[in-house]
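Novice: Okay, here's the structure, questions in a sec.
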């Protein structure tokens, strides 16, 4: 069994930057009922790839949506520093913890791409560059892109783009993939798991497989929810489970604003806790164009876009941003993955000494994050653990 660090108050490791984009995205995407799961980190990566080739108003709209903390700070440097900080938590070859992020750009075969853009992607974002024939062989182009996504996500996401989403004027596809697999610092005991009631919205109650463990966990409260941090084997990376008070799911979601996560981490205290958490498996799929347009990224999705930093050829604009995610939470740990692609075309504490009961038997929210930097890799809402 891996050695697990004693619970401690987290300390920031550096001036890494996490864009408020995470909360803006959550409020946009959570408007639809049901389960929700996405990767703010992955979407941020995809937007940074697009931004690297954007010019003028197109670039300024992306910058405004990303909300850098200081207008004088360079976004490329901020994101590069974030990548460095996140890279420090990965232990290559350990076989216990995996965090893989990958960016790729596929261009239309024969479509000229600026050397400066290619070098920026490779040097700053570690992106892969490839050529496919979107116009002449769209089926093969889709297979090529999807094969890359399937490989990086260990087959959990076999495809991100459908053949029908490649149009006659598609000239490029930008993609970002995030794959995460980590065991808990202390696993739940499989023999303790049993079906228990879970209260669905509307009053219906169903039995779902529920995991149990008693241990020391960081616990806190917000105005509308309890919060518990479940550490993975790499201690700075944790799942924070937000259990809204009865009838307060919407209010708890409204608390998700810039500064929320930092306060939650700083105010949490270690408590002996009896945890009851349902197993869950959630998959989500989004087309993000409308979401991003409502957040202010408008010009990038029309013929007036300026992506002259990608190609000298005129008329390159984003067609859509595709995002597919998968998460599996069980007794041993968590496996989560997300893929994001953009196509471009022409034309809260209890101070008693008794163990705290943290029973997740109703809809809840969660974040998988690095508490050292505040980076949110994945976040979501579980309304029905059965998927």
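The values are calculated or read from the model by the stated rules, or taken from the named source; none is laboratory data. This is a predicted model, so every value here is computed, not measured. Here Cβ is always computed from backbone atoms with ideal geometry, including for glycine, and neighbour counts include all displayed protein chains.
Novice: Among the residues of segment 366-375, is there at least one that is surrounded by 20 or more Cβ atoms within 10 Å (Cβ to Cβ), at pLDDT below 95 and under 25 Å from residue 135 (Cα atoms)?
Specialist: Within segment 366-375, none of the residues are surrounded by 20 or more Cβ atoms within 10 Å (Cβ to Cβ), at pLDDT below 95 and under 25 Å from residue 135 (Cα atoms).
Novice: What number of residues within segment 119-128 are over 19 Å from the mean Cα position of the chain (by Cα) and assigned to a helix (DSSP H, G or I)?
Specialist: Of all residues in segment 119-128, those over 19 Å from the mean Cα position of the chain (by Cα) come to 119-124, 128.
Next cut, assigned to a helix (DSSP H, G or I) only: 119-124.
Looking only at that region, the number is 6.
Novice: Another question, then. Residues in segment 206-243 that are closer than 16 Å to residue 375 by Cα and out of contact with any strand residue (DSSP E or B) (no Cβ under 8 Å at 6 or more places or on another chain): how many?
Specialist: Counting residues in segment 206-243 that are closer than 16 Å to residue 375 by Cα and out of contact with any strand residue (DSSP E or B) (no Cβ under 8 Å at 6 or more places or on another chain) gives 1.
Novice: While we're on this one: Which of the numbered conditions does residue 303 fail, given that it passes all the others? Conditions: (1) surrounded by fewer than 19 Cβ atoms within 10 Å (Cβ to Cβ); (2) outside any loop (DSSP other than H, G, I, E, B).
Specialist: (2)
Novice: Take residue 154 and decide whether it is closer than 19 Å to residue 98 by Cα, in contact with a strand residue (DSSP E or B) (Cβ under 7 Å, 6 or more places away or on another chain) and surrounded by fewer than 17 Cβ atoms within 10 Å (Cβ to Cβ). Break it down into steps so the answer makes sense when it comes.
Specialist: Numbers: closer than 19 Å to residue 98 by Cα: yes; in contact with a strand residue (DSSP E or B) (Cβ under 7 Å, 6 or more places away or on another chain): yes; surrounded by fewer than 17 Cβ atoms within 10 Å (Cβ to Cβ): yes.
Yes.
Novice: Check every one of the strands (runs of 3 or more DSSP E) wholly within segment 129-230 and list those with 3 or more residues that are touching a helix residue (DSSP H, G or I) at 6+ places or on another chain (Cβ under 7 Å), closer than 21 Å to residue 109 by Cβ and at pLDDT below 90.
Specialist: Because the criterion is at least 3 residues that are touching a helix residue (DSSP H, G or I) at 6+ places or on another chain (Cβ under 7 Å), closer than 21 Å to residue 109 by Cβ and at pLDDT below 90, the strands (runs of 3 or more DSSP E) in segment 129-230 that meet it are 170-183.
Novice: So if I check each of 310, 297, which one is within 22 Å of the chain's Cα centre (by Cα) and in a loop (DSSP other than H, G, I, E, B)?
Specialist: On the way: 310 fails: within 22 Å of the chain's Cα centre (by Cα).
Just a single option satisfies the conditions, and that option is 297.
Novice: In this structure, does residue 104 turn out to be touching a helix residue (DSSP H, G or I) at 6+ places or on another chain (Cβ under 9 Å), in a helix (DSSP H, G or I) and at pLDDT 85 or above? Walk me through how you get there before you give the answer.
Specialist: Numbers: touching a helix residue (DSSP H, G or I) at 6+ places or on another chain (Cβ under 9 Å): yes; in a helix (DSSP H, G or I): no; at pLDDT 85 or above: yes.
No: the conditions fail for residue 104.
Novice: Also, I was wondering about something else. For segment 353-384: of the residues being within 19 Å of the chain's Cα centre (by Cα) and not in a strand (DSSP E or B), which is nearest to residue 203 (Cα to Cα)? Please lay out each step first, then the result.
Specialist: Here is the first cut: in segment 353-384, the residues within 19 Å of the chain's Cα centre (by Cα) are 364-383.
Those still in the list that are not in a strand (DSSP E or B) too: 371-374, 383.
Numbers: 371: 35, 372: 39, 373: 39, 374: 35, 383: 12 Å.
The extreme case among them is 383.
Novice: For segment 161-188, which positions are crowded, with 22+ Cβ neighbours inside 10 Å and under 22 Å from the mean Cα position of the chain (by Cα)?
Specialist: Result: 161, 173, 174, 175, 176, 177, 178, 179, 180, 182, 184, 185.
Novice: Say whether the condition of being surrounded by fewer than 22 Cβ atoms within 10 Å (Cβ to Cβ) and under 30 Å from residue 342 (Cα atoms) is met by at least one residue in segment 203-222.
Specialist: No, the conditions are met nowhere in segment 203-222.
Novice: Take the residues in segment 1-31 that are closer than 16 Å to residue 252 by Cα and outside any helix (DSSP H, G or I); name whichever of them is modelled with the lowest pLDDT. Don't jump to the end; show me each part of the working.
Specialist: Here is the first cut: in segment 1-31, the residues closer than 16 Å to residue 252 by Cα are 22-31.
From what is left, the residues that are outside any helix (DSSP H, G or I) are 30-31.
Working: 30: 94, 31: 90.
Checked segment 1-31; the qualifying residue modelled with the lowest pLDDT is 31.
Novice: Condition (residue is in contact with a strand residue (DSSP E or B) (Cβ under 8 Å, 6 or more places away or on another chain), in a helix (DSSP H, G or I), farther than 30 Å from residue 187 by Cβ and modelled with pLDDT of 90 or more) applied to segment 64-82: is it met by at least one residue?
Specialist: Checked against the condition, which is being in contact with a strand residue (DSSP E or B) (Cβ under 8 Å, 6 or more places away or on another chain), in a helix (DSSP H, G or I), farther than 30 Å from residue 187 by Cβ and modelled with pLDDT of 90 or more, segment 64-82 yields no hits at all.
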